[in-house]
Amino acid sequence: MFELLYRAGSRMYDPLTAVFFGPAWHNWRRTALPWVGPDRTLEIACGTGQLLPELASRASFVAGFDRSQSMLNPARRRSTRDSIAVLQADAKSIPFRDGSFDTVVSTFPASFISSRSVLDEVARVLSPGGRFVVVVSARFTRFQWKRPFIHPILRLAYGSASSMNRWPEDLLSHPEMPGEWRDLETPEGEAFVWVAVKR
Ligand SMILES: C[S@@+](CC[C@H](N)C(=O)[O-])C[C@H]1O[C@@H](n2cnc3c(N)ncnc32)[C@H](O)[C@@H]1O
């Protein structure tokens, strides 16, 4: 079902997140913005590309990639500015040179982001002092009644139901990118965000 969701792409993904999360999903994504810019930003697993225009308003160049071609179709339609590039790629092999970006962002990326091969790739493409910002999960602190309905959807989106929780302390740590967790409030709840800086 997890793989099917991303093959069906935006036909299912955007409507599902809109119905179950309303504006909360995008407000949680947006918690990454304060660390973005001013030069080159990479979004890993950009999905349907809803965050790309806002990243581009803070950075001179933005690249967004995703493994799923279907998710990328609407991302391309949303990315009309010349300063945004959208491409199909796997996070295990990021198609950019060493030190290409001053920010790498990912929102709700599922567990692939914590694999050592992906973290090594992020460390490689970040320039020294660059930020790695991951909105890993979030939860409603208002509208608690929605939670029993939302868990099956999260299981579908992530392949697990654990996404409303913080991830284990050291899951995204990497020797070249020391980081810390931030709990950031939004109008609907809070987002759990990993912020790391490349040495
Ligand atoms: C839950 S969606 C999040 C999409 C978007 N960032 C958002 O905030 O809505 C997870 C995304 O990760 C992508 N993905 C999964 N594994 C990947 C990998 N190894 N490399 C790149 N993208 C991947 C999926 O295709 C999907 O678009």
| What number comes out for the charge environment of Ile94, summing +1 per Lys or Arg and -1 per Asp or Glu over other residues with Cβ under 9 Å away? | 0
| said: Give me, ordered by chain and number, the residues 5 or more places off Ala89 or on other chains with an amide H under 5 Å from its own placed amide H. | reply: Asp66, Arg67
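Readers should treat all values here as calculations from the given coordinates under stated rules, not as data from a laboratory. Computed from a predicted structure; not experimentally measured. Here the Cβ is made from the backbone with ideal geometry for all residues, glycine too, and neighbour counts use every protein chain on show.
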